[in-house]
Amino acid sequence: MLQLVLGVSGTGKSTYIFEEIRRRARQGQYSILLVPEQFTSSTESRIYHWLGDELSGYVASYSFTSLSEKLLGLYGGAAIRTVTDATRVVMVRRAIEALGDGVRYYTKHRRNPAFLQLCAETLNELKSAGLTGQQLEQLARAAGQEKLLELASIFSAYEAVLGNTSMDPADRVELSARKAQEHPEFFAGRAVYLDEFDTFDSPKQKLLRAILPAAESVTVTLCADGEEDWEAGLGLFSGAKQVAARLRRLARSVGCPVAATQILEEDHRHAPALARAAALLAGQEPEGPAPEPDGSITLYRASDRAQEVKAAAAAIQKLARQGASYRDMAVICRQSDEYLRLVRSEFRQAGIPLYQDEATTAEFSPPALLARALLQLLRGGLTSDRVLAAAKTGLCGLSQAQLSALENYAFTWKLRAEDWRAPFTRNPSGFGSREMTRSEAAQLELAETARARLIGPIQEFLRQAKDQDATQLTRLLYQTMDGFGAGQATFALSRQLEEEGQVAQAAETRRLWNVVVRLMDQMTLLLGTEKLDAAEYEELFTLLLRSQELEHVPQTLDAVIFTSAGKMRLDSPAHCFVLGLGEGEFPRTPQETGLLTHADRELLMEQTAGAKPEEQLFLPDRFENRVLREKMAFYKALTAPSRTLWLSWAEGSSGLPLTS
């Protein structure tokens, strides 16, 4: 049986789910809880909070990805290597190269890493819509558009490159759906609950198609004010209502009964003023007169972002002095990179503990910077900037005194390639005529020792790496880093941090080294004996670094959460600070993504407009959907807190007004 539970923000949808799971657990009945990928860690803590040690064993928490892995591990298919977001870019490049002269529309960009990344994002979108390369070709021919036909060719070539040795993540979910259909006993006698989802792409729907008839019941919560879409697809909750309609059709198509939809209406979260604001945001007419102003909602206009962050930090300090816990506060913005640097700096100065609920990458870690510096030396030859970039990573075995002397010498004498190859003999102070003092001689010795330490391995790397294939180039790159003692330096730093009590930083130092080395392994696996010039190899390696996201766990129980709207998972914080509410900044006007324009998506969807609803193409990134997602992100950010809400924006030089 399918049970839909609808309610606006604060009506207790998640509470309903956990109460049902706890009720079943007390009766000795098992449940499965499915949540989006980014919510899995916080969900585990909520399960323990609600069920404790005794009852936690009666519920298994998964994302769709981890549930797929569980099914494949039990029933076969787990051993096939899965393409990550990082490696998909390289696989797309191989697919385009395999097409050769067949690529005409995109021929000028075929080796451009930025284009390859956009192409990978587009293929991921098409995969999530349930399309194959052959199906896209049929739609493109019906639409009569050359660009879409060429994209279909790239899609088919990408599928051919994957072959039987690798699998796209979307294919992995679809394979698990087939395994679930073959083994319904996995879900037999279990109630399945889905919480915090806004939509379900095609692979997830296929897995749900297998779950619905097999499970004892399936309960799905959605953020909506009812079943009927009176706004004709353009309202705040239209997206959720469309999802509800698709789920009902899906259940009926597999013979699963659909229970009457349960609609939660009472606001259990918000203080009176916030409850009224939440109702207005949802397009509802609040009951009763407006409450007296009580300071629960603050509007702050700043001259710039720095002042905006400083004011928010001061307000957080004031709340802390009044007894509020930092863990009950959250700072939300639309794009974290616009505020992260300012928030880190200001909060550090103010002594406010901060947890950044955002993934990072290893792109600017010391191991990655050393590898990229060596590749840039191979790409452009010996220059002071490139040599010093390698030296400054701290992984080349140089002391701080040697590094300082080397940098000062290079700055003083404007060294060329031939100067780096010969021993340093000139006065580090820049005086060529007089005899060096004892101090200058000591500085010269330090600089020369550093030069000799660096240039020998670098020149050997440049000599051997010329005209090598990707596998050999990767091997030489690692050997050069190892010859510098980069690995030993990394783990020595990690041990030092542990001795100083900085356990988290020590673990992160080790993790960054391991991530960079694993990505070098992936370059070998993906490119094999293919020959690339140093520039292309470096760009692809940088793309891998940039695409490999690293998650973090809080290092203290009492810290302010910093997150971005659309990715946040907040457990009913008491106080929220929403920054960057200038007109056009949040909500934002949807921008183009991938290689498909809004018109391209509409054209593809028009080709299936006359088919049955379950056979129609649904592209999640069409313009209307992106507008609705932006509205929902805005709504959830402003309705997240239970007690106080801070709304601020930076006018800037153009006098930007508050968002309308």
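The values are calculated or read from the model by the stated rules, or taken from the named source; none is laboratory data. Note that the structure is a prediction, hence the values are computed from the model and not measured. Here Cβ is always computed from backbone atoms with ideal geometry, including for glycine, and neighbour counts include all displayed protein chains. When the accessible area is computed, the model is the full protein with side chains, heavy atoms only, and any ligands, DNA or RNA have been set aside. Shrake-Rupley method; radii C 1.70, N 1.55, O 1.52, S 1.80 Å.
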Requested in this report: Those residues that are in contact (Cβ under 8 Å) with a residue 24 or more places away in the chain and either of a type in the set (F, W, Y) or open to solvent by less than 40 Å² (accessible area, probe 1.4 Å) (or both), I need them from the stretch 463-476; list them, please.
Outcome: A465, D469, A470, L473, T474
Query raised in the report: For residues in the stretch 32-43 being assigned to a helix (DSSP H, G or I) and in contact with a Ser or Thr (Cβ under 6 Å, 6 or more places away or on another chain), which is surrounded by the most Cβ atoms within 10 Å (Cβ to Cβ)?
Result: T43
Query raised in the report: Quick one: which of R379, R344 is assigned to a helix (DSSP H, G or I), at pLDDT below 95 and either within 28 Å of Q38 (Cα to Cα) or in contact with a Lys or Arg (Cβ under 8 Å, 6 or more places away or on another chain) (or both)?
Result: R344
Query raised in the report: If you go through the stretch 499-508 one residue at a time, do you hit one that is in contact with a helix residue (DSSP H, G or I) (Cβ under 8 Å, 6 or more places away or on another chain) and not hydrophobic (A, V, I, L, M, F, W, C)?
Result: yes
Query raised in the report: Among (1) open to solvent by 10 Å² or more (accessible area, probe 1.4 Å); (2) in a loop (DSSP other than H, G, I, E, B); (3) at negative phi, where does G77 come up short?
Result: (3)
Query - Test: residue in the stretch 5-18 that is without any contact (Cβ under 8 Å) to a residue 40 or more places away in the chain and out of contact with any helix residue (DSSP H, G or I) (no Cβ under 8 Å at 6 or more places or on another chain) - result: no
Requested in this report: Could you check how many residues of the stretch 431-454 are in a loop (DSSP other than H, G, I, E, B) and not hydroxyl-bearing (S, T, Y)?
Outcome: 5
Report task. Could you check, for the stretch 581-592, whether at least one of its residues is farther than 16 Å from E121 by Cβ, modelled with pLDDT of 90 or more and either open to solvent by less than 60 Å² (accessible area, probe 1.4 Å) or hydrophobic (A, V, I, L, M, F, W, C) (or both)? Result -> yes
Report summary line: G652 meets each of (1) over 24 Å from G7 (Cβ atoms); (2) open to solvent by 30 Å² or more (accessible area, probe 1.4 Å); (3) in a helix (DSSP H, G or I) with one exception, condition (3)
Report summary line: Of the residues in the stretch 611-627, those that are of a type in the set (F, W, Y) and either open to solvent by less than 40 Å² (accessible area, probe 1.4 Å) or in a helix (DSSP H, G or I) (or both) come to F623
Query raised in the report: Given the residues R178, R172, which is the only one that is open to solvent by less than 50 Å² (accessible area, probe 1.4 Å), assigned to a helix (DSSP H, G or I) and at negative phi?
Result: R172
Query raised in the report: Which number in (1) in contact with an Asp or Glu (Cβ under 9 Å, 6 or more places away or on another chain); (2) farther than 30 Å from W513 by Cβ; (3) open to solvent by 30 Å² or more (accessible area, probe 1.4 Å) marks the one condition that E346 misses?
Result: (1)
Query raised in the report: Among the residues of the stretch 387-430, which ones are of a type in the set (V, I, T) and either outside any helix (DSSP H, G or I) or at pLDDT below 95 (or both)?
Result: T393, T412, T425
Query raised in the report: Here are A368, A373, A315: which of them is farther than 30 Å from P457 by Cβ and either surrounded by fewer than 19 Cβ atoms within 10 Å (Cβ to Cβ) or not hydroxyl-bearing (S, T, Y) (or both)?
Result: A315
Requested in this report: Determine whether A330 is at pLDDT 90 or above and assigned to a strand (DSSP E or B).
Outcome: yes
Report task. Filter the stretch 477-520 down to the residues that are open to solvent by 60 Å² or more (accessible area, probe 1.4 Å) and in contact (Cβ under 8 Å) with a residue 24 or more places away in the chain, then identify the one that is nearest to Y355 (Cα to Cα). Result -> R511
Report task. From A245, A232, A251, A290, grab the single residue that is farther than 29 Å from L647 by Cβ and surrounded by fewer than 12 Cβ atoms within 10 Å (Cβ to Cβ). Result -> A232
**Report entry** Given (1) part of a helix (DSSP H, G or I); (2) surrounded by fewer than 16 Cβ atoms within 10 Å (Cβ to Cβ); (3) in contact (Cβ under 8 Å) with a residue 40 or more places away in the chain, index of the condition Q29 fails
**Finding:** (1)
